[in-house]
Structures are given as C-alpha cells and as structure tokens.
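The values are calculated or read from the model by the stated rules, or taken from the named source; none is laboratory data. These figures come from a predicted structure and were not determined experimentally. Cβ: placed from backbone, ideal geometry, glycine included. Neighbour counts: every protein chain shown. To get the accessible areas, we keep the full protein, side chains included, count just its heavy atoms, and leave off ligands, DNA and RNA. Shrake-Rupley method; radii C 1.70, N 1.55, O 1.52, S 1.80 Å.
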Amino acid sequence: KKKSIEKYTFYSPEWDNYLDEVAQYVQTSRFLPKYHLYPKTGLMNDPNGLSYFNGKYHVFYQWFPFDAAHGMKHWGHATSDNLVSFEDQGYAIIPDEEYERHGAYSGNAFEYEGKLYLYYTANYKTDNGKIAKQALAVMDQTGKIEKYSGNPIIEGAPTGFSDELRDPFVFKRDGNFYMLLGGSRFADGQRRIGFGDIGEILLYKSDDLFHWEYLGTIDLPIDKGYMLECPSLTRIDGKDVLILSPMGVKREKYRFQNRFAAIYLIGKLDVKNRTFQVEMLDELDSGFDFYAPQTFYGRADQSLMIGWFGCGEQIYPTDDEMWKHGLTMSQNLSIHNNRLYRYPIEELTNSFELNQCKKVKELFPNTKHYHVSFDININENFELKVGSEDDYWVFSNQVETGLVSIHRGSLSAKIDEGYGQVRSIKAGDYFENNVTVDIFVDNSFVEVYLNKGERVFSFRVFLVNEKQIVKFSKQKKATLGNYRETHYV
Ligand code: FRU
C-alpha cells in the first residue's frame, strides 16, 4: 500500500497514520540491526549535530521519512545516556520554510551559554542552479528547537565558488568562533550550475554565532577531488584531526574504491594563515558502506565519531522494504604512531555476553547480533567465511598478494555490484605480524576492526538464512559474544 509521495514533501501530522503503518512494515524486515541506529521509516544518511548536551547524548541525522530514497531531508533526533540504547525524539528540523524548500542538509552542533546551536544547510534549488544558504536552529534546556528568525545566516557562495556549498561545522579556537563549509571552486572562476572543479574548505568567522564573515579557503595540500563535503574537526593529544568527505578523489589500487571517500588528516590547523599542515592522511574506512562521518566530544570530553553506514546512491537488495541505511557504532578516536584509530566505545563492547576464548574451527552464534574476536598473523594465509553453504561473505589474509580483504561476491543477495565485490588493504602498510580482528555483526551491518581500530571495514550484507556459521580455514583461538540488550526505544 505504498503511497507515491512527492520527493520534496515535508512531514506534517496528516501523515502520521500512514507513517505508523510504514513503521510497522519496516519492523517486519529480516535485516534490522539492534545496536546500530536505523530509520524507523525511509532513508537515513549523515549523522548531524552530534553532541553531549544537558546530560544527554544527542544524535541528529539526515532523514527522508517517506521512502527508502533520497528526498526532502529532515533532521531526525535520538537521545541517549550511553550511545548504546537510544530514545527516538522524532523530527528535530522539518524543512517547512521557504529558504529550505528542498531540505535541511547536514551540519553540526555547538554548545554556547546553555543552548545547543544546530547549524545546517538550507537546500534551495532554482531553475538556474542552487542558491547556497546556511541556517541555524537553537535547542534550549527543555529540548525545544527553534529556527533562528534571521535565517539564512549565510546566503550565496563567494565569487568563483559553486553554490554546492554546505555542511557547516562550527568550533571555537583562541576565543573566536569559526565555521568550516564544504565547497567546490571553479578553475576559471566562472559560475556554472552544479559542482565546480576543485573541492575546497571555506573558513568563516563570527563574534556572536549569528553573523559570519568569510575569510577564505584553507590551504590543503591534498587531492581534494571536485567537492569536499562534511568537514569535521577534533583535537586529540594536542593535534588537530580534520575529517573530510571528498567527491572525485583519484582511485588508488587499494584505496578510495567507493563512489565517494572519507579521509582524515592529522596535523595542525592554523586559522590565521588558513593552512593545515598535514602529518598524516589516510582513508578512514576500507569497507564498502561508509561516508560523511562526524566527530564530537563525549561526556568526558573524549573525541568520538559516528559515520553514515552508506555511501552515495547505492542499490541494496532491501530497497523495497521502506527503510535504508543507518549509522555506525559510536567510536572512540585516538592517535597511535601518528595514525587515527577508531574503536567502538566501551559501553558498546561491554554489551556482548562473551564466551571463553576457545580453539575452534567453527562458531555458531545463536543470534544475528554478535561479536567475534581472534588474531591472525599476516604471514600466514587465513580465511573466514560467515553465512551458510552458498551464501556467505569472506574475510581473508593472503600472503602471496599481501592483502587483507573483505569479499562479498559470494552472497546470494548481490550488493551495489557496480563498485566491485572486494575491498582490500595492503597488510604490510599497517601491520607486522599479529593483528587482532574484532568483528561486530549486527544482522545486515558489519564492522571489522583490525588492531583495535587501526583499520576498519564497514559494510552491509544481506544473508538469507536465519542461522549463521562463522567458519575459519584453520583452528583459531576465538571468542564469541552474543549481543545482550535490545535497543532503540
Ligand atoms: C553527504 C551529503 C551532504 C549533504 C547531505 C544531504 O552525504 O551529501 O553533503 O548535506 O548529504 O543529505
């Protein structure tokens, strides 16, 4: 009984009955996760406004409630005490104003004087291309969210830049407020409709969080593709970590295999000279389904990250189930040997009933939500198959090629085949001998962590059989933990 709904429809209460029916239908899906956030209806993409505010974690997200497709983006909202179980707070931003007539796009949250400032991009299309608009909504201590009456707070793009200008990230540095915007510059300076030629991060400054002055672009000595989306910045051990989601970076043999990439830069941001001195750059995730991550500070001011568990406009076998995508687990960020590590927060890793570590060739989880861990030696061939006889995905280490890989070509439900069925990393670029492997399976959402987060593969699988078998090519000391709690109230 799916209704055909115009792509730029925004939510209003008249849709409640229909959306309730859709939500019930979504609950019949065989592929729902338990410890990953997913949309109760429709499509979820980027995490937005991540924050610890007023004694709670807040996770906002890009949301088109009416279909498992990109459409009118709202900000959805969930709150949590521990980033494990969430309380659904429904709609945070409904794009019902003229200036945001094609959606409330991504942005971050900034706490100031007891209020949470939610910055977002007001998507605004015309026959002559977009007009870039950035907007603000403010949440008070009672949780009430109000759009700023002076919206948009920034209108238009600077000369020479495309109006594909978005994803504000506001932060404080040396007593001043700054905003990063993701954008795209025209090589010849001439405005055209659509993207320009070179991705850029634009820097703005403000004294009051409402009025913003454009300072210029940040000099980034990297491949910036044709567009940079979703900038995010955090500080770890005195270093700046800048996260970017570039479109159009050059494919390398083993990196940047997805339609769009997410990268991190470790170094130093100088807001005065608008430079970022890069000490390390790498792709954040080596899997198939990861993009637009955002960093935030937790209860103890620790650096955390959540990413979108998806990328671009993928086609999944479940596209007619009326729900699509989700978010990654919340991860702790740290730096070791000048590399960024990310690993699920303790509250999540503690949510599994761990069995004793045993030498086994097979494991039989009695749920579709579990954690498996073991070690491999990169100098020995190894293969792990998860699924059933003729429907499985593979994790492997191959000495001959020196590759650690995820293969999803042997799944019966094929996924996004246009972008390949294997993702690999050159083991020797990261590891010497032993590598710990932690696999978190949450039904169709899988995250594989090597060396406690030095490399991560995030990817979706849609296994047809209810029972899964985890099969090793040789005996392994392995631990299996079943997920304990149900979540997402
Ligand atoms: C990244 C992105 C953002 C934009 C949002 C729209 O996935 O394209 O740049 O704000 O999604 O949903």
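At a glance:
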item: Label-point gap, in nm, between Lys172 and Glu321 - each point 7 angstrom along Cα→Cβ; result: 4.3 nm
item: Share of Cα-Cα pairs in the stretch 345-489 lying beyond 22 Å, as whole percent; result: 37 percent
item: Residues Glu279 and Thr142, FRET efficiency given R0 of 56 Å [Cβ-Cβ distance, rounded to 0.05]; result: 0.80
item: Apportionment of accessible area to carbon and sulfur, the stretch 54-187, percent (1.4 Å); result: 40 percent
item: Potential lengthening between Ile5 and Ile236 on full extension [0.36 nm per residue; Cα-Cα distance subtracted]; result: 78.7 nm
item: Acute angle (nearest 10 degrees) that the helix 16-26 long axis makes with the longest principal axis of the chain, alpha-carbon atoms; result: 20 degrees
item: Full-extension gain in nm, Glu400 to Thr436, via 0.36 nm per residue minus C-alpha separation; result: 10.9 nm
item: Ordering of 171-183, 58-70 by packing [mean C-beta count within 10 Å, highest first]; result: 58-70, 171-183
item: Pairwise label distance in nanometres, Ile469 with His70, each label 7 Å out on the Cα-Cβ vector; result: 4.1 nm
item: Cα centroid separation, the stretch 231-274 to the stretch 148-179 (Å); result: 19 Å
item: Label point distance in nm, Asp375-Glu485, each placed 7 Å from Cα along Cα→Cβ; result: 3.1 nm
item: R0 of 22 Å, Cβ-Cβ distance Leu215-Tyr297: FRET efficiency to nearest 0.05; result: 0.35
item: Relative packing of 365-374, 224-233, which averages over residues the other C-beta atoms within 10 Å, highest first; result: 224-233, 365-374
item: Over the chain: helical MRE at 222 nm, DSSP H runs n ≥ 4 each giving -39500 (n - 2.57), nearest 500; result: -1000 deg cm²/dmol
item: Using a Förster distance of 35 Å, the FRET efficiency for Ser206-Tyr419 (Cβ separation, nearest 0.05); result: 0.35
item: Spatial separation of Cα centroids for the stretch 203-217 and the stretch 188-202, in angstrom; result: 20 Å
item: Segment Asp270-Lys477, extension gain: residue separation times 0.36 nm, minus the distance between their alpha carbons; result: 69.8 nm
